[in-house]
Structure formats: C-alpha cells, structure tokens
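These notes are about the structure you will find just below.
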Amino acid sequence: MTVAFTGTRAGMTENQQRELIEALNELKPVVAYHGNCIGADTNFHTMIIAWRNVTGNKCLIEVYPCDIINQQSTCCPTADIINPIERPLVRNRLMVDRCDVLIACPRTMEEELRSGTWATIRYARKLKKRIVFLRPELSTLEEIFDEDKTDGDTTGEERSSDAERDGAS
C-alpha cells in the first residue's frame, strides 16, 4: 500500500501525531510520499522514520520538494527517493495520483479555500481516493467512496476510530 501525506506548515497537533501512528500501524505502507515542506511534512517524515525503526517496516520515504525555497524542509537527505522540484499544487497532485490512501492533516476540519492541504483533499475526493483525516482534535475520520455512485457525489462514508467509538477522548 502506498500513502501520500498532506498537512499544514503550522505542523501537527499532539492528537494528529498520536493518530498518525495508529494510521501507520493499520495501513502498513510500503511507500510514503510527502512534499518536504516545513511543518506537518517534517513531522510526518520524522515520525515515519521512528515508526520504521520501532516496527521494522521497510517503508520507503519518497519526497516531492516544492519550488518555494523558504518552505522547504531539511528532510531530503534522509529520504529514500527525491523527486524533481515542482510547484506545490503540481507535486500534490502527483502524490495523490500515485497513492492508494491520502493521509490528511488539516489545520481545521472546516474546508478552506486557498489552502494547499484542502486543495489536495479535494483532488483526492475527485479521484475517489481513500482519505484518512487526522483531525486536530478528537479522532480519525475516514472517507470511503461508494464505487456504485455515478452522480459525482463525493460524500464519503465516515468511520470513526476505535477510541471515538469506545467513548475515549
């Protein structure tokens, strides 16, 4: 399974970091794509390396750096594969095109315009990709699209994590 990651330059909340480990344990990716940006991409990169070390998973980390120099992270030297530099929205679409699952780490669960994270989520929805949301608070929300729908509706089925179903905070 391949996963792509999208998140904000503000970084991940503690809840999102906890939820990421749960998602990685469930998904067991063999390749993980991220945009090598400051903030959440850097958090993701660091956490997936730690997760590989703890679990023994051999997941490859493939980065898609952006062309905005002051937004680039310093993760590239520790990535397994480094792709050519692209504009942010171009590289985000490349990652979504290649992934099986998008792990989305937005600043807020309310959709925002002029947000690279939300533009990536909208593109994944358009392609009917599986999306695992790491919400800033509460627990994970997943969209699974009904393949039988032909009306273009992008409303997905929601699935809460075990913690939320069990009433944990």
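Rounded to the nearest 0.05, the FRET efficiency derived from the C-beta distance between LYS28 and ARG98 at R0 = 22 Å is 0.80. Amide H contacts under 5 Å for CYS37: THR42, SER73, restricted to partners 5 or more places along the chain or on a different chain, H placed in the peptide plane at 1.01 Å from N.
Label separation (THR46 vs GLU110): 2.9 nm, computed from points 7 Å beyond Cα along the C-beta direction.
Ordered by the count of other Cβ atoms within 10 Å of each Cβ, fewest first, ILE21, ILE121, ILE38 give ILE21, ILE38, ILE121. Each residue of the range 70-75 was assigned a 3J(HN,Hα) from its phi angle through the Karplus expression (A = 6.51, B = -1.76, C = 1.60, θ = phi - 60°), giving 6, 9, 6, 8, 9, 6 Hz with x at Gly and Pro. Backbone phi angles across the range 26-42, fed through the Karplus curve with coefficients 6.51, -1.76 and 1.60 (θ = phi - 60°), yield HN-Hα couplings of 6, 7, 6, x, 9, 9, 10, 9, 8, x, 6, 9, 5, x, 5, 4, 5 Hz in residue order; Gly and Pro are listed as x.
Can you pull the one-decimal nm distance between simple spin-label points at ILE69 and ILE21, each 7 Å off the Cα toward Cβ? Output for this residue pair reads 3.8 nm. Of CYS76, CYS105, the sequence from fewest to most neighbouring Cβ atoms within 10 angstrom is CYS76, CYS105. Simple point charges give the picture: +1 on the Cβ of Lys and Arg, -1 on the Cβ of Asp and Glu, and for the range 2-156 a dipole about the Cα centre of about 420 debye.
Every number here is computed from the coordinates shown, using simple stated rules; none is lab data. If you're wondering where the values come from, they're calculated on a predicted model, not measured in any experiment. Positions of Cβ are generated from backbone atoms using ideal geometry, with glycine treated the same way; all protein chains shown enter the neighbour counts.
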